[in-house]
Amino acid sequence: MLLGIKEYVQFFIIIAVVTSLNYEKLMREYFLLCGPDFFCLPPNVTHRFSIQPELNHTYRNLCPECKCDSACVSRGDCCPDVFFKLPELECVNRTIIKAVSDLKYERNAMYLMVNQCPPGTKKELMDLCEGQHSTEFILLNLPVYDINSNISYRNSFCAECNNVTNHSSWNLDIHCNQFADFNFLSSVKEVIDLANQKKCIFQAYKRNENTLYNMSNCDYVMNNKNLITKCNETSHWTHEDKDIRDACESSFVGLYMSFKNVFCHMCNPAESNDLRDTCNETGLWKPFDEGVRNACKDLPISNATSPYKNVFCYICNRNNYNINQTLDIFTNISETLSMNRTIVQIIKVQVNAINIDYLPEVLKKKHEYSSKLKDTIFRVFSKDMINLKGQIVDLKHLFSRYLELSQTISVCPARQDLLNSSASDSNCICDPFCVFDSTKTLPCCHDSSLELPVRCMQSNDLSIPHAMRHDPTIERHLVIDGCLQHSTNALFNSYCGKRFVNDPFSLLPFSNVRNNVSFHNLYCVLCNLNTSTYVNQMMGDNGGMSDVFSEANNYTSIIQDYIDVSNDYKPWSLIFHCYKYVDYSHYILLSELIQLMQAVGCNITYDDIPATRHCAPHPTACAVDRWRFTNHDIAQACTVGYGLDPWIPKTLMYFKTSNYQFRHFANVYCAHCTYNSTYTVRGFIDECNVTGLWNSVYNDTENRCKTSPFFPYYFPFKNEFCASCNTFLYSISVQSVEGGYGDKRFGVTHIPVPRDMFRIDFEDNYNRRHRVCNVNQVYDIYAGKCRDILCYPGKYLKNSTCHSLFHVTKNLRYSISFGVTSPETITNDTGRDINRASHLAISRKLGLRKMAFHIRKMALYYTDYESIQGFVYIDCFISESVTRVDIERLLVNFISTKSTMNISQNAYDIFPSTNGYFLDPKHNASERNRRSWNNEVSYRQAKVSRLLLCTQIALYNDEYRIISDQNRTYLILSRIDKMLEYDEFESLSNGQIRVCIDTLNSVNYFEKKVSSMEIILSYLNVAGSTLSFVCLLFFLVTYMLFPSLRTAAGKLMMILVFSLLLTLILSSLSFFFVDSALGCTIVGILLHFFWLVVFGSMQVCSFHMYRQFRSSTPPMFHPNVFFISRLCIYIAYVVLLPTAIVLVHIVVSEFQTNNIGYGGNKCFISHPIAKMVSFVLPVVLICISNLYFFISTILVIHYTPSPRSNQDARGEFQVCIRLSTITGVAWLFLIFDSFFPLSAYSFIATAICSFQGLFIFLAFIGNKRILNLYKEFIREKLGQDNSSSPSNTITTANSRLTISKVTKL
């Protein structure tokens, strides 16, 4: 990669290093991270290590590829040893005129170029290069690039001051929304004017380079907020280095994982670990290289190659012939970072294959353990006994208990003689892996499913701490975690279902891509490779039982068997979700990487999981405290029988808990041992045909009705047999709590204004109105009445949620509309294929086999892209018993999402659309397609939409209008003139119109409109508060700037202004915390406290004013100590009194209402009485006292004996106005207004209080004295003579003394 000497001289002839970076130090750190193969220049120019390793091989894939040619700056892929020898480059915006937004230009606006001159350049030339220029100047002086080095400069003046003479100008790209011709304009101003008029973008671009539409490194770094571009974002960089920091934050971009460049990686290390400083600790090093070993030993440490000392120690511990990062499991690793408040790192490990050659290495490490395993004889098959996870159970006993809840049981042929012929059913699949087959047409045999060693594994099963793993939202997968008692290797039998931290083959589950069977780890795959002997025994081919001799250490032949079929098995991938940065780049083994992620607390989940059988977290433990007939066989079958189907009573509803997870039992044995068998139930039906509805006579059913024990799941019948012989289909409505779409409660849309702080009746009215409605009603504020919350027909309301009247039911008929597209052409078979694709998509979505399906309308046509698009309207009839709410959820999900089906080698994309309902009658399907639809059409049809699931209300004729045309039907809400789509409302046969409550809420249907007066008042308040904020901020700056203003009174004013400033900020922020209970409570407490501080400060200022004017001695002659002590008393009063009031309010509210009394829909004091006592009353008392102080002070000023003149009268009036701004007397007007409806008076009162900051500013800042102070301050800053500034003269006249007191205030 080294340049020839001529090219080297030509390329670097212009170099003048002006940076303060320690170049050699940077290159040494880069060398320790990336090795010698990522440099352009020879070592004596770059790092200059005293020890130069002589390597026999080239080592790639250690760092990002970089280039050494002259175009590398333009491409952004220069090697750092070249880049940091160049003049300092910066990202400069290439856009000159932007009169319209255009993404393709905006995403590539920045470009690396030189935009400054070296030190010592003449000022005139430097200004032309670096100055802020007009658009006319920039258009006339486009960037240029050096023909020799290809480096770009901001303009020709920047090139000139950097001694570049052989340069060429950039070109100008123009893009306009409207036609524009710039070729015949006479001035640059005309060009600019026309460009703005025609909505144009002018952007400079480099000749012979595609820089227009490809995002540059500058734009990529600026637009990628999740790229680490600064040092110590990880907070683990303990030894700060200025050179590395400057290199990281420079314009050099060479993306390294999620870092802008390798130097950002160096200064953002992960948590430190023990470094490995010797070669071949892993035993994987290939090829041997003496130079690498010496470099590992002799070169210093790099903190960027953890867990290895430096890159050479990393090289000499891995197989360098293999390009994979992890060598035990072949993977592709990628990461994404989220850089909001904290780092969130997501690392995806795509597992491609296992390194089968590494398996013997792992097994050798287990030799000590495996040598303790003795050769074992495993029983392959037993007719009447099975081993359930280490416990031998009696099958005959289990079968008899099963038959207490079912009339028949399906078992394998070899075990048929364990049952009576009437109870036995051999029409089942005896394959032990049958439970994973989703396409089977027959049920799995009960005994083979029970015997299959499986477990329900969460997808985050590797996460530590374990508390992270018990999340009900996490997917669970059924996996085989044991051997079917036939393995010929005791080692695999022992390791199947277990995990070992140093064994990657025990950590990853596997799936057979042919039959979707999943295994807990590789050892479970190996010990279940051959199940033919077991299956033959189960089928009864040989009868009896046989034994297999299992050797402990003979595994070579089994591994070879796996190699032959390894393409059928796919290991699962991994995702690491970390809340701190983890450096994984130098970990060689996946097992070590998993240990690292567990150690730092990352959440580990499996990803890219093949089609597996999901399982639910059913209760798998018997309720021993309530189970009278304790039996260990049943308890074990309940606990480990994940391979069995969940058990639901076939004929009627049963009692359930409130948790959705437990709506049915894990298996039939859990049903035996979960109910309270000690409870005596009387009055159940224990005979057949009591109802007179049973028209069949089965003696066996009658006998089992009498002999089988009582089960509460069939009450009022004794058991399942008594229920079946009394009706064809018996269903009772039991109070269930299955989930549905709940409704939201609605408040009043209200824009807060200051008068709301003192209003007592607003919240009371709202709450009182709501208390009129019962729990099954919602209050319509607009109409002023309660409206009943309803459910879709067939469902009832409980706890504000809709539940199916019959949890399990059948004969459901639905209508569905959707769209379909395909790139194929229309043929005679297209309609048939779409019919099949639609049927297959819906049946797979619902997981049903017995479903009648009829296309009522279908229209197909060609699009502009010569592909098929059409709309389909179908009837769907479900005849089998299903859980209604689950089916409807799946149907709603189907119409809301896209899916793809392949039929006859054609792909059909199905997408949501309601157009099928409105197809012309000419598109009706032929009658022959309805030959199977005889009785089905008599069932009521339900349109599939969210209304099947949501809570809703009924609209009356005067509340809506329906508009129909040939293509659509809409509903117009008359109250708010909003339009709803066809799938957002339902027309019932009784003439009602139903709409979901959350749909109405989304269009603010229930909310009372804010009046125009309220809106104007809120705008007035916002304007006043904003202007007050600016004025108060300027007041504080002024008083902090001039010490002469910070008298005792001035400091009191600063306290008042500061607290008022904070209160304005909190009042503005309170709107954003309404939806957060905690945030709203905190804001309420702070608002209460600071408003009291504001009024307390006003009271102190008023009292101080009163005291000053009542005093006979001029205040300026008081000792400073007296002022300080008085100021401390004032501050204590201002802070402690509000604190006491807030604390008393919290304690009393907590005692009386069990909450601290803050929050509500305005984030203030929530209880009206508490607001009156703890806020309104103290404020009124303060304002009244301030009014007294103010009037007394005015009287003192007025009656001060002195010769009066017009000027003195005007002065007294100005004094009164100034003093009134700090008393808060104006708030009495607002308090008075809050007890009456909104009126014109409200605007006056609100304006006076909202603009208080402006009034204070005008009273105390807007005068000649402050102006003179600023003039004097500016003169001092400009270095002018200050000796002529006027001095203040103290007069002894009573009238002048009065003005002096006011001035000091």
Among the candidates Glu981, Glu986, residue that is under 19 Å from Pro793 (Cβ atoms) and surrounded by 12 or more Cβ atoms within 10 Å (Cβ to Cβ): Glu986
Number of the exception - Ser400 against (1) modelled with pLDDT under 75; (2) surrounded by 14 or more Cβ atoms within 10 Å (Cβ to Cβ); (3) hydroxyl-bearing (Ser, Thr, Tyr): (1)
Flag for Asn214 being within 30 Å of Phe84 (Cα to Cα) and at pLDDT below 90: yes
Residues within the stretch 1162-1188 that are open to solvent by 20 Å² or more (accessible area, probe 1.4 Å), in contact with a Phe, Trp or Tyr (Cβ under 8 Å, 6 or more places away or on another chain) and not in a helix (DSSP H, G or I), tallied: 1
Residue satisfying all of: in the stretch 253-295; under 21 Å from Lys25 (Cβ atoms) and more than 32 Å from the chain's Cα centre (by Cα); modelled with the lowest pLDDT among these: Leu275
Residue in the stretch 1129-1161 that is surrounded by the most Cβ atoms within 10 Å (Cβ to Cβ), counting only those that are of a type outside the set (Phe, Trp, Tyr) and under 17 Å from Phe1103 (Cβ atoms): Val1134
Of the criteria (1) modelled with pLDDT of 75 or more; (2) surrounded by 21 or more Cβ atoms within 10 Å (Cβ to Cβ); (3) outside any strand (DSSP E or B), which one Gln537 fails: (1)
Residue ID - farthest from Glu160 (Cα to Cα), chosen from residues in the stretch 100-117 that are touching a residue at least 12 places away in the same chain (Cβ under 8 Å), open to solvent by 30 Å² or more (accessible area, probe 1.4 Å) and touching a helix residue (DSSP H, G or I) at 6+ places or on another chain (Cβ under 9 Å): Arg107
The stretch 169-197 - residue that is loosely packed, with under 12 Cβ neighbours inside 10 Å and hydroxyl-bearing (Ser, Thr, Tyr) and, of those, farthest from Glu106 (Cα to Cα): Ser186
The stretch 411-440 residues that are on the phi < 0 side of the Ramachandran plot, paired with ones that are open to solvent by less than 30 Å² (accessible area, probe 1.4 Å) and aromatic (Phe, Trp, Tyr) (beta carbon under 7 Å, 6 or more apart): Leu418/Phe399; Leu419/Phe399; Pro432/Tyr534
Residue match in the stretch 282-293 (condition: touching a residue at least 12 places away in the same chain (Cβ under 8 Å), within 30 Å of Cys218 (Cα to Cα) and either in a loop (DSSP other than H, G, I, E, B) or open to solvent by less than 10 Å² (accessible area, probe 1.4 Å) (or both)): no
Some residue of the stretch 113-123 being closer than 30 Å to Leu33 by Cα and of a type outside the set (S, T, N, Q): yes
Scan of the stretch 233-251 for residues that are under 15 Å from Leu337 (Cα atoms) and open to solvent by 30 Å² or more (accessible area, probe 1.4 Å), ordered by number: Glu233
Count of the stretch 888-912 residues which are open to solvent by 20 Å² or more (accessible area, probe 1.4 Å) and not in a strand (DSSP E or B): 9
Criterion: over 26 Å from Ser334 (Cα atoms) and aromatic (Phe, Trp, Tyr) - qualifying residue of Phe252, Phe288: Phe288
The stretch 938-955: number of residues that are out of contact with any helix residue (DSSP H, G or I) (no Cβ under 8 Å at 6 or more places or on another chain) and surrounded by fewer than 20 Cβ atoms within 10 Å (Cβ to Cβ): 5
Close pairs (7 angstrom Cβ cut-off, 6 or more residues apart or separate chains): within 14 Å of Leu1020 (Cα to Cα) in the stretch 1226-1251, in a loop (DSSP other than H, G, I, E, B) anywhere: Thr1246/Val753; Ile1248/Ala1226; Cys1249/Ala1226
Unique residue being of a type in the set (S, T, N, Q) and under 21 Å from Ile333 (Cβ atoms) when the list is Thr305, Thr229: Thr305
Selection from the stretch 340-351 of residues that are out of contact with any His (no Cβ under 6 Å at 6 or more places or on another chain), in contact (Cβ under 8 Å) with a residue 24 or more places away in the chain and open to solvent by 40 Å² or more (accessible area, probe 1.4 Å): Thr342, Lys348, Gln350
Qualifying position, being outside any loop (DSSP other than H, G, I, E, B) and either modelled with pLDDT under 85 or not acidic (Asp, Glu) (or both), among Ile976, Ile972: Ile972
Exclusive hit being modelled with pLDDT under 80 and within 52 Å of the chain's Cα centre (by Cα), set Ser1234, Ser1205: Ser1234
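To keep it simple, each residue is scored yes or no on (1) in contact with a helix residue (DSSP H, G or I) (Cβ under 6 Å, 6 or more places away or on another chain); (2) open to solvent by 30 Å² or more (accessible area, probe 1.4 Å); (3) at pLDDT 85 or above.
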{"position": "Val1010", "(1), (2), (3)": "no, yes, no"}
{"position": "Ile1015", "(1), (2), (3)": "no, yes, no"}
{"position": "Thr1026", "(1), (2), (3)": "no, yes, yes"}
{"position": "Tyr1039", "(1), (2), (3)": "yes, no, yes"}
{"position": "Met1053", "(1), (2), (3)": "no, no, no"}
Only listed residue being in contact with a Ser or Thr (Cβ under 6 Å, 6 or more places away or on another chain), modelled with pLDDT under 85 and not charged (D, E, K, R), chosen from Ile1299, Ile1256, Ile1290: Ile1256
Qualifying residues in the stretch 33-70 (those that are open to solvent by less than 30 Å² (accessible area, probe 1.4 Å) and over 28 Å from Asp583 (Cα atoms)) - the one modelled with the lowest pLDDT: Leu41
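The values are calculated or read from the model by the stated rules, or taken from the named source; none is laboratory data. Not measured: the values here are computed from a predicted model. With ideal geometry, Cβ positions are generated from the backbone for all residues, glycine too; neighbour counts draw on all protein chains shown. Heads up: the accessible areas ignore ligands, DNA and RNA and are worked out on the full protein's heavy atoms, side chains in. Shrake-Rupley method; radii C 1.70, N 1.55, O 1.52, S 1.80 Å.
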